[in-house]
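Notes to accompany the following structure.
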Amino acid sequence: MNIIIYQNNYIILSKVKQLFLAIIIMLAFTACKENNQKNAIQDAMHETNHDKHDSSKSANEHMQRSSTKDLIERFESPERDAYQNPEKVLEYLGDINGKKIMDLGAGSGYFSVKLAEKGAHVIAADVSNEFQDALKKRIEENKLENIELRKIPYDSPNLSNNEVDMVLIVNTYHHIENRIDYFSKVKKGIKLNGELVVIDYFKKELPVGPSVDHKIDLETVKSELEKAGYTKLDVNVDLLPYQFIIRAK
């Protein structure tokens, strides 16, 4: 009788051990699965953030494949005039006579010259020495007035506090890295009642401008500007065929 009871207890104890072991294995498997899922999510987020971070770099690298001469010819071409509609843009900006305006990413001076012709004092700012040299030559040869050249670093507009009435950035927003930090610096350089004007391409296939992966969608631009401290955004998507305009204060 004692032997039978002992055998039954042994069998029960063995089953308990097996059940306990099975539970441990199941918990370990679940934890491992959850950890793998967490790692996969983190990897996906890392890749997404990496893509976002590198979009401006890829845009810059793409542009640098062309010579400055070729870029100037493209920027100043009749084809650009046709879609850029500079006169419409200038009319949209209103009376700029006597205002101090930074043309951020001035390049060949496409808008710098036109702004100066309307009576603005223009700071033609760019990171490229070659563009600055070319624009200097253009200013001297054509005896242009009211245009100041300013070579700027990649991470700053190099503006003094409350220096300008307006900062205009055309087709260049998608080239800027660390945009929230950058445009918070831009805001400090704008006077109290001044504004930032962003003109850039819609993020879709277009017959002009960079490829889609180099562009930034309108909602992202709005979100970044709000995070940079701009509290009033006026968006226009109808004036130009391929570009949106944001006036930010």
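The values are calculated or read from the model by the stated rules, or taken from the named source; none is laboratory data. Remember, predicted model here, so these are calculated numbers, not experimental data. We place every Cβ from the backbone using ideal geometry, glycine too, and count neighbours over all the protein chains shown. Note: accessible area is taken over every heavy atom of the protein model, side chains too, but ligands, DNA and RNA are not part of it. Shrake-Rupley method; radii C 1.70, N 1.55, O 1.52, S 1.80 Å.
Lys and Arg at +1, Asp and Glu at -1: add these up for the other residues within a Cβ distance under 14 Å of SER77 and post the number.
Values: positive: LYS69, ARG74, ARG80; negative: ASP70, GLU73, GLU76, GLU79, ASP81.
Net charge in that neighbourhood comes out at -2.
On average, how much accessible surface per residue is there in region 130-244, in Å², for a 1.4 Å probe, leaving out ligands, DNA and RNA?
Values: 6020 Å² over 115 residues.
Per residue, region 130-244 has 52 Å² of solvent-accessible surface.
Excluding ALA116 itself, calculate the net charge of residues whose Cβ lies under 13 Å from the Cβ of ALA116, where each Lys or Arg counts +1 and each Asp or Glu counts -1.
Values: positive: LYS99, LYS100, LYS114, LYS118, ARG138, LYS143; negative: ASP103, GLU117, GLU145, GLU148.
Computed value for this residue: +2.
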Before I look further, what does region 76-124 give for accessible area per residue, probe 1.4 Å, in whole square angstrom?
38 Å²
Accessible area of LYS187 in the full protein assembly, 1.4 Å probe (Å², nearest 10):
70 Å²
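Between rounded, prolate and oblate, where does region 106-213 land on the alpha carbon gyration tensor, with a ≥ b ≥ c its root eigenvalues, rounded for a/c under 1.5, else prolate if a/b exceeds b/c? Walk me through the numbers before you get to the answer.
On the way: a/c = 1.61, a/b = 1.15, b/c = 1.41.
Verdict is oblate for region 106-213.
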Among LYS114/LYS137; LYS100/LYS143; LYS151/LYS232; LYS99/LYS204; LYS88/LYS137, which pairs are too far apart, with a Cα-Cα distance over 25 Å?
LYS151/LYS232; LYS99/LYS204; LYS88/LYS137
Checked region 75-162 against the a/c 1.5 cut and the a/b vs b/c comparison, axes a ≥ b ≥ c from its Cα gyration tensor; verdict rounded
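Kindly sort GLU76, GLU141 by accessible area of their heavy atoms, largest first, with the probe set to 1.4 Å. It would help to have the intermediate numbers written out before the result.
On the way: GLU76 55, GLU141 125 Å².
Ranked from most to least accessible, the order is GLU141, GLU76.
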